[in-house]
Ligand SMILES: Nc1ncnc2c1ncn2[C@@H]1O[C@H](COP(=O)(O)OP(=O)(O)OP(=O)(O)O)[C@@H](O)[C@H]1O
Ligand SMILES: [Mg+2]
């Protein structure tokens, strides 16, 4: 059971224009053989909607090719307009190919007012095409671990995540303005903290308006604290969560959906994956414990061993708040128990009160 709530697509793209797009993009010999929404049974040549990745098979010079076409759903997190979404797809098209293990971007296009798919005049909606890779989403491993327990290869996979992140984050960039922009967006952007806060029901039964306000005020202090860390700007993934990691048949992994700019704060990626271990642990009992604690410790210990970056612990708190607001959200995760939500909110408040994130004793942050 996936915990994330998926919205249904609403608009339609025309199948008949897909082949002509492929011919313009990959060569006049391209022949479409199949296209279907991913995760759905094969739907042959049915037209498809926005927001769900579409798996496309075609032939080129006698060779079968498999690619994935993605559009973005519009949502309330600053993606209401097609040009909000276009900017994100353009960023992915530009930067995805420059990250180790990221799926290769192959083409960028848009849908026009007549639902034709074309390379740019009269745009209505943008889309991006990536290479298609084999494998399953990493959250399936977390579901299996929850049911059947941890295996040695699960720990090894988490160590591999840490090694990969350490390599990615080792690329630094001397551009203080970009770091400040990233922190400003973390707190103020529609798809980050303030946008998420505004998306909660108001008033919200598990976190009063007074507590939200106190949290926001505290975050302003963190914004000023983080001004002193602009030297930390590094290459990041920006959305390293278990639904954006694909486990390959050979056990290796690849990532999807690089987000919010190439440069950022490495704590973003560490907090994103590690708070999902916390979430799965809380769904079993109200503490970080057992198998998910081992995964969580393995991620942090391995990463800190390799990078020696203990300074990260001084800046991680607001990134945990961002990811905490996502995984506690009734919109994204409608089926959590009240206990899970309460623990997550206590976690967010308590990490912000601590000068430095005490990752080893994370349980002391979980109670109100
Ligand atoms: N290039 C690809 N190769 C193989 N599978 C893919 C590829 N792109 C997407 N998928 C599959 O489709 C699922 C959803 O894709 P994706 O992460 O792009 O969309 P999303 O989850 O709706 O967007 P977001 O992460 O922004 O919420 C992935 O978890 C993966 O299983
Ligand atoms: Mg995704």
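The values are calculated or read from the model by the stated rules, or taken from the named source; none is laboratory data. Being a predicted model, the structure only gives us computed values, none of them experimental. Every residue, glycine as well, gets a Cβ built from its backbone with ideal geometry; the counts of neighbours run over all protein chains shown.
The table below gives the values:
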quantity: Scan of the range 276-292 for residues that are buried (at least 19 other Cβ atoms within 10 Å of the Cβ) and either more than 16 Å from ligand 2 (Cβ to nearest atom) or in a loop (DSSP other than H, G, I, E, B) (or both), ordered by number; calculated: 277, 278, 279, 280, 281, 282, 288, 291, 292
quantity: Condition check for residue 174: within 16 Å of ligand 1 (Cβ to nearest atom) and either outside the structural domain of residue 277 (by TED's automatic domain parsing) or outside any helix (DSSP H, G or I) (or both); calculated: no
quantity: Which numbered condition residue 226 fails, given (1) more than 16 Å from ligand 2 (Cβ to nearest atom); (2) crowded, with 19+ Cβ neighbours inside 10 Å; (3) over 24 Å from residue 359 (Cα atoms); calculated: (3)
quantity: Residue within the range 39-52 that is within 15 Å of ligand 1 (Cβ to nearest atom) and either assigned to a strand (DSSP E or B) or more than 24 Å from residue 16 (Cα to Cα) (or both) present; calculated: yes
quantity: The range 190-215, subset farther than 21 Å from residue 75 by Cβ and in a helix (DSSP H, G or I), residue farthest from ligand 2 (Cβ to nearest atom); calculated: 210
quantity: Spans of strands (runs of 3 or more DSSP E) in the range 55-140 with at least 3 residues over 26 Å from residue 248 (Cβ atoms); calculated: 105-112, 123-131
quantity: Hits in the range 216-254 - residues which are over 25 Å from residue 279 (Cα atoms) and either touching a strand residue (DSSP E or B) at 6+ places or on another chain (Cβ under 6 Å) or in a strand (DSSP E or B) (or both); calculated: 233, 234, 235
quantity: The one condition in (1) in a loop (DSSP other than H, G, I, E, B); (2) within 16 Å of ligand 1 (Cβ to nearest atom); (3) farther than 19 Å from residue 171 by Cβ; (4) at pLDDT 95 or above that residue 323 fails to fulfil; calculated: (1)
quantity: Filter pass, residue 239 being within 16 Å of ligand 2 (Cβ to nearest atom), in contact with a helix residue (DSSP H, G or I) (Cβ under 9 Å, 6 or more places away or on another chain) and either within 17 Å of residue 160 (Cα to Cα) or at pLDDT 95 or above (or both); calculated: yes
quantity: Selected residue [surrounded by 13 or more Cβ atoms within 10 Å (Cβ to Cβ), touching a residue at least 24 places away in the same chain (Cβ under 8 Å) and within 27 Å of residue 295 (Cα to Cα)] from 110, 82, 138, 77; calculated: 138
quantity: Unique residue being over 24 Å from residue 145 (Cβ atoms) and surrounded by fewer than 18 Cβ atoms within 10 Å (Cβ to Cβ) when the list is 238, 308, 264; calculated: 308
quantity: Residues of the range 255-272 that turn out to be outside any strand (DSSP E or B), touching a strand residue (DSSP E or B) at 6+ places or on another chain (Cβ under 8 Å) and within 16 Å of ligand 1 (Cβ to nearest atom), as a count; calculated: 2
